[in-house]
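Written out below as structure tokens is the structure these notes cover.
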Amino acid sequence: MHPEHLAPGDTESLHGDWSGLALHEIRSTDDPCFETAFDALWNEFGEAGEMECPEILADRMKWHPGEMLDGAALLYAMQLVTKNGEFVAACDHTAILLENHPGAIVHHSHILVAPDWRRSGIAGWMRALPVSTALEALATALCPVHSPITLVGEMEPYHPARPATIVRLAAYEKAGFKMIDPTQVDYRQPDFRPPHIIDRENGPRALPLCLMVRRIGREVEDFVTGAEVRHCVDALYKMYARGFREQDMHIVLKSLQSYPAEAARIRLVPPTHGADSKA
């Protein structure tokens, strides 16, 4: 855990008492820590249809960042924090390198903190860990050390019936993440349901979500170009395409047709933007 990787709003995490904590890097489903971390994340996110199955994650773990497959290379990381063997927090994320594009896009998948550790500052460290994963992927792929890094998270939009959503949005806003203006970019996540259910229920359903970004070293900027947005989304879709059927990816790939032009300026707004007016 490197202090320089903390988000601008997460520097209070420097002052916590982290003695006795153990950080476990999980790079295989055979790792004895995998079951603990996966089960915790699945119980929180999987049953709600917000996490891929173990088979997809196992395949993703095998994708080496030094080997381009279909124009992309990945480094998937699952991480578990424990104290005296007890669960403290878990997260997973994927550093994605695209052929002929500089830098890394890191998909911020899931973060879960045990109730007794919430508001302790550990979440700030979990949000910082993907930077280390990005740097490892870039080094393995022999990319320049100062290559650009962008962290990207998919979040459900504010909804008054889901109070937990505004808590998550506010946490990312406090940390320094910004939202790509959803009125300009209509991002869609692939359907995470098992194929037999998708087929039984008349095909895939793309899930509309908002994109949160933290561009390392560029956190103060308040706009992003259409080309940068497309780069981020192309990276996510390359990652998903490895684990999802081609016919199930078609609906989200088609949504790219409505994206702004490469030269367009797209606003970066606070993640809770518009929540007050909808409350």
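The values are calculated or read from the model by the stated rules, or taken from the named source; none is laboratory data. None of the values given here were measured: they were computed from a predicted structure. Counting neighbours? That spans all protein chains shown, and the Cβs are built from the backbone with ideal geometry, glycine included.
Checking the conditions here, which among 117, 125, 63 is touching a Leu at 6+ places or on another chain (Cβ under 6 Å) and either without any contact (Cβ under 8 Å) to a residue 60 or more places away in the chain or under 24 Å from residue 211 (Cβ atoms) (or both)?
63
Scanning for something over 20 Å from the mean Cα position of the chain (by Cα) and not aromatic (Phe, Trp, Tyr), does the stretch 45-67 turn up at least one residue?
Yes, some residue in the stretch 45-67 is over 20 Å from the mean Cα position of the chain (by Cα) and not aromatic (Phe, Trp, Tyr).
Just for the stretch 123-160: of the residues that are of a type in the set (S, T, N, Q) and under 14 Å from residue 2 (Cβ atoms), which one is nearest to the chain's Cα centre (by Cα)?
Here the answer is 133.
Taking the criterion of being surrounded by 21 or more Cβ atoms within 10 Å (Cβ to Cβ) and within 15 Å of residue 127 (Cα to Cα), would at least one residue in the stretch 16-27 satisfy it?
Scanning the stretch 16-27 turns up no residue that is surrounded by 21 or more Cβ atoms within 10 Å (Cβ to Cβ) and within 15 Å of residue 127 (Cα to Cα).
For the stretch 52-81, how many residues are closer than 20 Å to residue 138 by Cβ and not in a loop (DSSP other than H, G, I, E, B)?
Within the stretch 52-81, residues that are closer than 20 Å to residue 138 by Cβ and not in a loop (DSSP other than H, G, I, E, B) number 11.
From the list 152, 88, 81, which residue is under 19 Å from residue 9 (Cβ atoms), at pLDDT 95 or above and aliphatic (A, V, I, L, M)?
152
Does the stretch 58-81 hold any residues that are over 16 Å from residue 106 (Cβ atoms) and in contact with a Ser or Thr (Cβ under 8 Å, 6 or more places away or on another chain), and which are they?
58, 64, 66, 80
Return yes or no: is residue 175 small (Gly, Ala, Ser) and within 15 Å of residue 108 (Cα to Cα)?
It is true that residue 175 is small (Gly, Ala, Ser) and within 15 Å of residue 108 (Cα to Cα).
Where residues in the stretch 73-100 are of a type in the set (A, V, I, L, M, F, W, C) and over 17 Å from residue 128 (Cα atoms), which of them is surrounded by the most Cβ atoms within 10 Å (Cβ to Cβ)?
97
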